Amino acid sequence: MTDRIEADYLIETPVAPNAAAEAMAGEQSSGTFVKVPGETPDLHDRAAARVEALEVIEDVPTPSLPGGLAGDTYHRARVTLSWPVETIGPDLLTLMATVAGNLFELRQFSGLRLLDLRLPDSFAAACPGPQFGIPGTRKLAGVGTGPLIGTIVKPSVGLTPEDTATLTGTLARAGIDFIKDDELQANGPACPFEDRARAVMRVLDDHAQRTGKKVMYAFNLTGEVDDMRRRHDLVRDLGGTCVMASLNSVGLAGLLALARHTELPIHAHRNGWGYLSRAPMLGWDYPAWSKLWRLAGADHMHVNGLKNKFSEPDDSVIASARSLLTPMFADKPCIPMPVFSSGQSAVQPEETYRRLGSADCIYAAGGGIMAHPDGPAAGVTSLREAWEAAMAGIPAREHARTHPALARALKAYGG
């Protein structure tokens, strides 16, 4: 790793791609739309961004985005820019402004997408990174191998604290490893955070005393920084083992503040990800975006799920999960636990494990547990059996011949 920040982009432009790339580099470092007296050759050499690589991929006849320069042909290319780290230091917030700021609005571009980042080691030293990650999460959840089988409190909203606690008890008795609040439920007047936390932890403590297993519950403490710190402290003092924050709501500064305060794993929810990623020629690829949050302290990160209810294709889901399991730095890998969710059941573990090659994940199913024909306990069992088969290399349908919960789930969910 050098002392320069590197970012890979996919661009689309009606002008010469090398000229467009130089415009990017200038706009996002020492230049502007005209030459200014202060940009001396010495300053440019010290502070300017550089175009490190450019590869033209294809030409298309129409622009992907409105508002840019018109042309007869639009060129698509992969571009790598680099910046000297000395210009911003290992500062995540300024990094975001540098690699993903005004360049999206430049009229030279009818498409621009940030694909990946490579950062100097100084970022590893300056940023908290995951404090628990996979090993710490496994230790707190009491799950040494295989995925953490999890679920989400549903209905998302409308339940009282007492309702939430009752549902938590049902899920705990079913043998669940992990439960999370829905992202829509934080501190609403119908289900205040403090009341919900106290009610849920009473149930989980009772369950732990009876069984020796404390279910990990990710309490959604999303809010202003002081509120998040206070809510974290309450969960910690009640004996809870996880807190959750919505990344696009709290922002990098919010997550950094929480990470520097927390004594519990941070379950990082990506709700809103679609508006950053769904247009193919605009926004972010997951590896680039997630690296900022990994550095900021996310211990778990959502990646969607195979055959999900959203628009993301399976290849993208697997690529996202693999990127999280790829170390960022030799001495500080910053590896969070991937979270698979969205329309998951006993059907997907076989392909998920085959394509990911790892069971280091939280596998969260709502209807895949609660709607099992034989009830929630059978739903949890079916997921465990599906993962056991996948990890052993046994086809799910073959395993189901001697495992009724899995057989019923595969029939119910179309596997």
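The values are calculated or read from the model by the stated rules, or taken from the named source; none is laboratory data. No experiment lies behind these values; they were computed from the predicted model shown. Ideal geometry is used to build each Cβ from the backbone, glycine not excepted, and the neighbour counts take in all protein chains shown. Each accessible area value is taken on the protein alone, full model and side chains, heavy atoms only, with ligands, DNA and RNA left out. Shrake-Rupley method; radii C 1.70, N 1.55, O 1.52, S 1.80 Å.
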>> Condition first: of a type outside the set (Ser, Thr, Tyr), open to solvent by less than 40 Å² (accessible area, probe 1.4 Å) and within 16 Å of ALA389 (Cβ to Cβ). Now tell me which residues in segment 321-355 satisfy that.
In response: GLN344, ALA346, VAL347, GLN348, PRO349
>> Restricting to segment 288-320, give me the number of residues that are open to solvent by 10 Å² or more (accessible area, probe 1.4 Å) and among the β-branched types (Val, Ile, Thr).
In response: 0
> For segment 356-375, which residues satisfy the criterion of being open to solvent by 30 Å² or more (accessible area, probe 1.4 Å), under 15 Å from GLY175 (Cα atoms) and modelled with pLDDT under 95?
Replying inline: MET370
> Which of the residues belonging to segment 201-229 are closer than 19 Å to LYS154 by Cβ, of a type outside the set (Gly, Ala, Ser) and within 23 Å of the chain's Cα centre (by Cα)?
Replying inline: VAL215, MET216, TYR217, PHE219, ASN220, THR222
> Going by the conditions given, is ALA279 closer than 28 Å to PRO66 by Cβ and at pLDDT 95 or above?
Replying inline: yes
>> For ALA49, only one of the following conditions fails: (1) closer than 14 Å to VAL79 by Cα; (2) at pLDDT 95 or above. What is its number?
In response: (2)
> What is the residue count in segment 379-394 for residues that are more than 18 Å from PHE178 (Cβ to Cβ) and either touching a His at 6+ places or on another chain (Cβ under 9 Å) or open to solvent by less than 60 Å² (accessible area, probe 1.4 Å) (or both)?
Replying inline: 4
>> If I ask for residues that are without any contact (Cβ under 8 Å) to a residue 60 or more places away in the chain and under 19 Å from ASP237 (Cβ atoms), which ones from segment 168-185 would you list?
In response: THR168
> Counting just the residues of segment 163-200 that are farther than 20 Å from GLY375 by Cβ, open to solvent by 10 Å² or more (accessible area, probe 1.4 Å) and among the aliphatic types (A, V, I, L, M), which one comes out nearest to the chain's Cα centre (by Cα)?
Replying inline: LEU184
> GLN209 versus (1) in contact (Cβ under 8 Å) with a residue 12 or more places away in the chain; (2) surrounded by fewer than 16 Cβ atoms within 10 Å (Cβ to Cβ): which is the lone unmet condition?
Replying inline: (1)
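So, PRO66, is that one at pLDDT 95 or above and surrounded by 16 or more Cβ atoms within 10 Å (Cβ to Cβ) or not? Lay out the reasoning, then the answer.
Values: at pLDDT 95 or above: yes; surrounded by 16 or more Cβ atoms within 10 Å (Cβ to Cβ): no.
When the stated conditions are applied, PRO66 does not pass them.
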>> Looking at segment 135-155 only, could you name the residues that are touching a strand residue (DSSP E or B) at 6+ places or on another chain (Cβ under 9 Å) and open to solvent by 20 Å² or more (accessible area, probe 1.4 Å)?
In response: ARG138, LEU140, GLY142, ILE152
> In segment 265-282, how many are in contact (Cβ under 8 Å) with a residue 60 or more places away in the chain, open to solvent by 10 Å² or more (accessible area, probe 1.4 Å) and touching a strand residue (DSSP E or B) at 6+ places or on another chain (Cβ under 8 Å)?
Replying inline: 5
> How many residues are over 22 Å from GLY368 (Cα atoms) and outside any helix (DSSP H, G or I) if we restrict to segment 294-332?
Replying inline: 11
> Can you tell me how many residues in segment 41-63 are open to solvent by less than 60 Å² (accessible area, probe 1.4 Å) and either farther than 24 Å from SER110 by Cβ or β-branched (Val, Ile, Thr) (or both)?
Replying inline: 5
>> For segment 137-167, give me each residue that is within 16 Å of ILE179 (Cβ to Cβ), outside any helix (DSSP H, G or I) and in contact (Cβ under 8 Å) with a residue 60 or more places away in the chain.
In response: GLY142, PRO147, LEU148, ILE149, GLY150, THR151, ILE152, LYS154
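Going by what's in this entry, would THR94 be described as open to solvent by 40 Å² or more (accessible area, probe 1.4 Å), closer than 29 Å to ALA288 by Cα and β-branched (Val, Ile, Thr)? Don't jump to the end; show me each part of the working.
Working: open to solvent by 40 Å² or more (accessible area, probe 1.4 Å): yes; closer than 29 Å to ALA288 by Cα: yes; β-branched (Val, Ile, Thr): yes.
Judged against the criteria, THR94 is a match.
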